[in-house]
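The structure appears below as structure tokens.
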Amino acid sequence: MNQTQREFIVGTVHPTNRPGAARDQQLDDSLPPGIRHISLTMNFTRGTEDEFAASMPGYEAKVAELAGMEADLIRPGGAPPFMLLGFEGERQIIRGWEKKYGVPMFTSGQNHVLALRTLGIHKFIGASYFPEKLNGVFARYFTEAGFRVLAMEGIQVPFADVPTLPPMQVYDHIKRVFEKHRDAEGIYLLGSAWKTLEIIDQLEQTLGVPVVHPAPARCWETQIRLGFRKPASGYGRLLAEMPEAAPA
């Protein structure tokens, strides 16, 4: 069937309302014609473990709302709340919601795991804008998923100020972490609010390894799930090459 003959509705639950969310949606706007987006938000404001840990009922309410709008695919966004559940705990939650609401779904964490596997990355360094304790949670999540996390290091910045970080400051942070772990097979960037889309290609070319970034990874899997294949250059290897997803 020619997928462009019908409209697909993709429902997304964004974690925040802050200005960074506009950049987060930048690649969604470049998806093929025939995909219509509906966006809701959790409106996280503190970015703390307590705020994330209490969020599952709110997420399910948003998922139910999107299912009621007849979404064909639902993307509960924001990696930290689901990573707190652990890799298996997250999978059980999503399977339960898929069964209850009859709509396929994937979280940010599940998407990132699939992207890493598809790119053949087994060991990587990660960077985020979260504190050390949450970075430990993220590292444990990926370890449970079967990866070797060589480092998961955050930039110290107030949660509300993340979108103001200069791109080259983020680039330099990632490069410093990578220099300490030259055996890394890839780079993982957790979070969509910082200005990192524009440095993906530069990182890949300079450091010689693929980069998994939330926005291109989400755009890639959305297309694969719905039967589309529209590459986009300038955002890293995953979206430029549009490979088939690795087996689950």
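Data for the structure
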read-out	value
Verdict on Glu88 being of a type outside the set (Gly, Ala, Ser), surrounded by fewer than 16 Cβ atoms within 10 Å (Cβ to Cβ), touching a residue at least 24 places away in the same chain (Cβ under 8 Å) and assigned to a loop (DSSP other than H, G, I, E, B)	no
Selected residue (only one of Ala53, Ala71 is of a type outside the set (Ser, Thr, Tyr), under 30 Å from Arg6 (Cα atoms) and at pLDDT 95 or above)	Ala71
Close pairs from the range 209-232: first over 10 Å from Ala115 (Cα atoms), partner aromatic (Phe, Trp, Tyr), Cβ under 6 Å, at least 6 apart	Leu226/Phe8
From the options Glu70, Glu65, residue that is acidic (Asp, Glu) and assigned to a loop (DSSP other than H, G, I, E, B)	Glu70
Candidate set from the range 24-61 (those that are touching a Ser or Thr at 6+ places or on another chain (Cβ under 8 Å) and of a type in the set (D, E, K, R)); member that is farthest from Phe82 (Cα to Cα)	Asp28
Within the range 212-231, tally of residues that are surrounded by fewer than 22 Cβ atoms within 10 Å (Cβ to Cβ) and assigned to a loop (DSSP other than H, G, I, E, B)	5
Total residues in the range 119-144, condition among the β-branched types (Val, Ile, Thr) and in contact with a Leu (Cβ under 7 Å, 6 or more places away or on another chain)	2
Residues being modelled with pLDDT under 65 and among the aliphatic types (A, V, I, L, M) - total across the range 6-31	2
Test: residue in the range 43-50 that is at pLDDT below 95, touching a Gly at 6+ places or on another chain (Cβ under 8 Å) and crowded, with 18+ Cβ neighbours inside 10 Å	yes
Number of the condition not met by Asp161 [criteria: (1) of a type in the set (Asp, Glu); (2) surrounded by 17 or more Cβ atoms within 10 Å (Cβ to Cβ); (3) over 20 Å from Leu114 (Cβ atoms)]	(2)
So Glu204, is it at negative phi, among the charged types (D, E, K, R), modelled with pLDDT under 95 and out of contact with any Phe, Trp or Tyr (no Cβ under 7 Å at 6 or more places or on another chain)	no
Test result for Gly34, touching a Phe, Trp or Tyr at 6+ places or on another chain (Cβ under 7 Å), modelled with pLDDT of 95 or more, at positive phi and surrounded by fewer than 20 Cβ atoms within 10 Å (Cβ to Cβ)	no
Counted residues, the range 118-138 - those being over 15 Å from Phe52 (Cβ atoms) and either buried (at least 18 other Cβ atoms within 10 Å of the Cβ) or touching a His at 6+ places or on another chain (Cβ under 9 Å) (or both)	8
Single unsatisfied condition, Glu60 versus (1) outside any loop (DSSP other than H, G, I, E, B); (2) within 18 Å of the chain's Cα centre (by Cα)	(2)
Which numbered condition Ala139 fails, given (1) touching a strand residue (DSSP E or B) at 6+ places or on another chain (Cβ under 9 Å); (2) touching a residue at least 24 places away in the same chain (Cβ under 8 Å)	(2)
Restricting the range 164-206 to residues that are under 19 Å from Phe130 (Cβ atoms) and polar (S, T, N, Q), the residue that is surrounded by the most Cβ atoms within 10 Å (Cβ to Cβ)	Ser192
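The values are calculated or read from the model by the stated rules, or taken from the named source; none is laboratory data. Since we're looking at a predicted model, the values are computed, not measured. Backbone-built Cβ (ideal geometry, glycine too); neighbour counts: all protein chains shown.
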